[in-house]
Amino acid sequence: MPNIRGAKKRVRGNKKKEIINNNITASMKTAIKKFEKDVKAGDKAVAEKSLNTAIQKVDKAKKSGLVHQNKAARVKSRLTKLKNAMK
């Protein structure tokens, strides 16, 4: 446990930020899994909506610095390919 007042504040702030970061990351992963499930089900209209949601979540995680920009681009590309491969 830190003794210095500023370090104590930093610990409190880090706990709050950790919760926010975990929520952003978890919602991104959930959106990706939901899109993949929709693609597997074969409903193109629902998959289109969930793709847009997944891309928004990936971009938000990238903007927050939780995901590297190359990973974000790779994930978005992979998801778009999945959608385009649907019949």
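The values are calculated or read from the model by the stated rules, or taken from the named source; none is laboratory data. All values derive from a computational prediction rather than experimental measurement. Cβ atoms come from the backbone with ideal geometry, glycine included; neighbour counts cover every protein chain shown.
Quick look at the values:
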item: Of residues in the stretch 6-39 being touching a helix residue (DSSP H, G or I) at 6+ places or on another chain (Cβ under 7 Å) and hydroxyl-bearing (S, T, Y), the one farthest from L82 (Cα to Cα); result: T25
item: Filter result for K62 (out of contact with any His (no Cβ under 6 Å at 6 or more places or on another chain), among the charged types (D, E, K, R) and surrounded by 12 or more Cβ atoms within 10 Å (Cβ to Cβ)); result: yes
item: Every pair of residues 6+ apart whose Cβ atoms lie under 6 Å, when the first sits in the stretch 41-64 and is over 10 Å from M28 (Cβ atoms) and modelled with pLDDT of 95 or more while the second is among the aromatic types (F, W, Y) and surrounded by 13 or more Cβ atoms within 10 Å (Cβ to Cβ); result: S50/F35; L51/F35
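For every residue, the table says whether it meets (1) of a type outside the set (S, T, Y); (2) buried (at least 16 other Cβ atoms within 10 Å of the Cβ).
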{"position": "K9", "(1), (2)": "yes, no"}
{"position": "E18", "(1), (2)": "yes, no"}
{"position": "N22", "(1), (2)": "yes, no"}
{"position": "K33", "(1), (2)": "yes, no"}
{"position": "D38", "(1), (2)": "yes, yes"}
{"position": "V46", "(1), (2)": "yes, no"}
{"position": "S50", "(1), (2)": "no, yes"}
{"position": "Q69", "(1), (2)": "yes, no"}
{"position": "V75", "(1), (2)": "yes, yes"}
